[in-house]
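S.K.: Starting off with a structure, shown below.
The values are calculated or read from the model by the stated rules, or taken from the named source; none is laboratory data. As the structure is a computational prediction, the values presented were derived from the model and not from experiment. So basically every Cβ, Gly included, is an ideal-geometry build from the backbone, and we count neighbours across all protein chains shown.
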Amino acid sequence: MKHSIFIDGAHGTTGLKIREYLAGRDDIEIIDIEEEKRKDLAERARLAEIADVAVLCLPDAASKELADAVTDKARLIDTSTAHRVADGWTYGLPELTFDQRRAIAQAKKVANPGCHATGLIVLTRPLVDTGVIAPDYPVTSFCVTGYSGGGKAMIARHESEERDGFLGSPGQYALGQAHKHLPEMVRYGGLSSEPSFCPVVGDFYSGMVMTIPLRRELMNKHFGVEGLREVFAERYEEEPLIHVRWDLPDDGFIHGDIMAGRDDLEIFVGGNDERPLVIARFDNLGKGASGAAVQNLNIMLGTDENKGLRYGV
């Protein structure tokens, strides 16, 4: 039996990647929209309703418009920011809690997580849930990401033959501390206030490293480096897409693009017992976007959760 999938916005970075994931699968039939009807709301809503699941790869406003236009027959995955903390939507991070998969499987509307948010949440939520840090811990984080996270415009800017020379160096952004992923970081990271978050774009296509420095004197439970590794190892022991690494890389660097092309995520703990660093490394287009959407899609369809995904050990 084939499942029918409609991708609304299949020509964007995330939509193209999801289509690539699904193209070779014998259990998936992709419903295409006629070119001249790509902006026809009524037609898009109709296709979303006849599909087993519709995946929205649209700007926020367009995602809201389509979600409001469909009836309760439609099952949706929204990859935009529009519904991540909205009532009636299930957050699409299966590893969030032990019952999150069941919630996704039963959901009509699933909001795919943001890439930066994924990295922060998989690090903070186990620490809050086990009482290592309090919800009001003053979280500070920085994240280095590939430029593909900025979509077609940023990709074109970085890959232009006439690009500005400064694009070869990292660029910090969201300088007003108002990044669009902050609301979901707070809600699903177990935090009571927004973290101080400093994202940085590097001159590489895809990949991401999220780092959260901790301080022993501010932690409720004084776990050192090894103790923190054990906390993460216990929490994610049964998760095939999350790997807790017991050693840091031999060269002393955690490079941002090592996980490019993969749909799993690595967790490292570095620093020292007084000032530990908890670190997540993954692909912003994989576990941070399209790979996560396919994982959620598989769960909603009741098939093997990791079918078509690229991951290792």
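S.K.: Could you look through region 153-186, keep only residues that are in contact (Cβ under 8 Å) with a residue 40 or more places away in the chain and out of contact with any strand residue (DSSP E or B) (no Cβ under 9 Å at 6 or more places or on another chain), and pick out the one that is farthest from Cys57 (Cα to Cα)?
M.R.: Of region 153-186, the ones in contact (Cβ under 8 Å) with a residue 40 or more places away in the chain are 154-155, 158, 179-181, 183-185.
The next check asks that each one be out of contact with any strand residue (DSSP E or B) (no Cβ under 9 Å at 6 or more places or on another chain); those that pass are 155, 180, 183.
Values: Ile155: 17, Lys180: 16, Pro183: 20 Å.
Only one residue fits best here, namely Pro183.
S.K.: Within region 95-125, which residues are surrounded by fewer than 23 Cβ atoms within 10 Å (Cβ to Cβ), modelled with pLDDT of 95 or more and not aliphatic (A, V, I, L, M)?
M.R.: Correct list: Glu95, Thr97, Asp99, Gln100, Arg101, Arg102, Gln106, Lys108, Lys109, Arg125.
S.K.: Let me ask something additional. Can you list residue pairs whose Cβ atoms sit under 7 Å apart, with the first residue in region 16-42 being part of a loop (DSSP other than H, G, I, E, B) and the second being surrounded by 15 or more Cβ atoms within 10 Å (Cβ to Cβ) and modelled with pLDDT of 95 or more? Count only pairs 6 or more apart in sequence or on different chains.
M.R.: Partner pairs satisfying both residue conditions: Arg25/Gly308; Asp27/His3; Asp27/Thr303; Ile33/Arg44; Ile33/Leu47.
S.K.: Still on this structure, please answer the following. From the set of residues in region 260-275 that are among the aliphatic types (A, V, I, L, M) and assigned to a strand (DSSP E or B), which is farthest from Ser206 (Cα to Cα)? Walk me through how you get there before you give the answer.
M.R.: Restricting attention to region 260-275, the residues satisfying the condition of being among the aliphatic types (A, V, I, L, M) are 260, 265, 267, 269.
Going one step further and asking which of them are assigned to a strand (DSSP E or B), we end up with 265, 267, 269.
Numbers: Leu265: 14, Ile267: 18, Val269: 22 Å.
Here the residue is Val269.
S.K.: Same structure again: Which ones in region 287-296 are out of contact with any Leu (no Cβ under 8 Å at 6 or more places or on another chain) and more than 16 Å from Gly12 (Cβ to Cβ)?
M.R.: Once the filter is applied, which keeps residues that are out of contact with any Leu (no Cβ under 8 Å at 6 or more places or on another chain) and more than 16 Å from Gly12 (Cβ to Cβ), region 287-296 yields only Asn296.
S.K.: Quick check on region 251-271: of everything there that is of a type outside the set (Asp, Glu) and out of contact with any strand residue (DSSP E or B) (no Cβ under 7 Å at 6 or more places or on another chain), which residue is surrounded by the most Cβ atoms within 10 Å (Cβ to Cβ)?
M.R.: Here is the first cut: in region 251-271, the residues of a type outside the set (Asp, Glu) are 252-256, 258-262, 265, 267-271.
Applying the additional criterion that residues be out of contact with any strand residue (DSSP E or B) (no Cβ under 7 Å at 6 or more places or on another chain) yields 252-253, 255, 260-262.
On the way: Gly252: 7, Phe253: 9, His255: 15, Ala260: 19, Gly261: 14, Arg262: 21.
By that ranking, first place goes to Arg262.
S.K.: Output the qualifying pairs, or none if there are none: Cβ atoms under 6 angstrom, residues six or more apart or on different chains, first residue in region 245-259 and under 19 Å from Ile212 (Cβ atoms), second residue surrounded by 10 or more Cβ atoms within 10 Å (Cβ to Cβ) and among the small types (Gly, Ala, Ser).
M.R.: Sorted first by the residue in region 245-259, then by its partner, the pairs are Leu248/Gly270; Gly256/Gly202; Gly256/Gly207; Met259/Gly207.
S.K.: A follow-up question, please. Against the condition of a type in the set (Ser, Thr, Tyr) and either part of a loop (DSSP other than H, G, I, E, B) or more than 21 Å from Glu194 (Cα to Cα) (or both), how does Thr71 come out, does it pass? Walk me through it before giving the result.
M.R.: Values: of a type in the set (Ser, Thr, Tyr): yes; either part of a loop (DSSP other than H, G, I, E, B) or more than 21 Å from Glu194 (Cα to Cα) (or both): yes.
Yes, satisfied.
S.K.: I've got another one for you. When residues of region 276-313 are filtered for being assigned to a strand (DSSP E or B) and without any contact (Cβ under 8 Å) to a residue 40 or more places away in the chain, how many remain?
M.R.: Of the residues in region 276-313, 0 are assigned to a strand (DSSP E or B) and without any contact (Cβ under 8 Å) to a residue 40 or more places away in the chain.
S.K.: For region 21-60, give me each residue that is more than 17 Å from Ile77 (Cα to Cα) and within 24 Å of the chain's Cα centre (by Cα).
M.R.: Once the filter is applied, which keeps residues that are more than 17 Å from Ile77 (Cα to Cα) and within 24 Å of the chain's Cα centre (by Cα), region 21-60 yields Ala23, Gly24, Arg25.
S.K.: Here is a further query. Can you list residue pairs whose Cβ atoms sit under 6 Å apart, with the first residue in region 108-123 being basic (Lys, Arg) and the second being surrounded by 24 or more Cβ atoms within 10 Å (Cβ to Cβ)? Count only pairs 6 or more apart in sequence or on different chains.
M.R.: Pairs found: Lys109/Leu76.
S.K.: Also, I was wondering about something else. Given the options Arg215, Arg229, name the one that is more than 27 Å from Tyr21 (Cα to Cα), buried (at least 18 other Cβ atoms within 10 Å of the Cβ) and of a type outside the set (Val, Ile, Thr). Show your work before the answer.
M.R.: Values: Arg215 fails: buried (at least 18 other Cβ atoms within 10 Å of the Cβ).
Answer to the selection: Arg229.
S.K.: Here is a further query. Considering only residues that are in contact with a strand residue (DSSP E or B) (Cβ under 9 Å, 6 or more places away or on another chain) and at pLDDT 95 or above, which ones fall in region 126-152? Write out each step before concluding.
M.R.: If we filter region 126-152 for residues that are in contact with a strand residue (DSSP E or B) (Cβ under 9 Å, 6 or more places away or on another chain), which is where we start, we get 127, 138-147, 149-150.
Passing the criteria: Leu127, Pro138, Val139, Thr140, Ser141, Phe142, Cys143, Val144, Thr145, Gly146, Tyr147.
S.K.: If you take the residues in region 183-205 that are touching a His at 6+ places or on another chain (Cβ under 9 Å) and of a type in the set (A, V, I, L, M), which one is surrounded by the fewest Cβ atoms within 10 Å (Cβ to Cβ)?
M.R.: If we take residues in region 183-205 being touching a His at 6+ places or on another chain (Cβ under 9 Å) and of a type in the set (A, V, I, L, M), then Val201 is surrounded by the fewest Cβ atoms within 10 Å (Cβ to Cβ).
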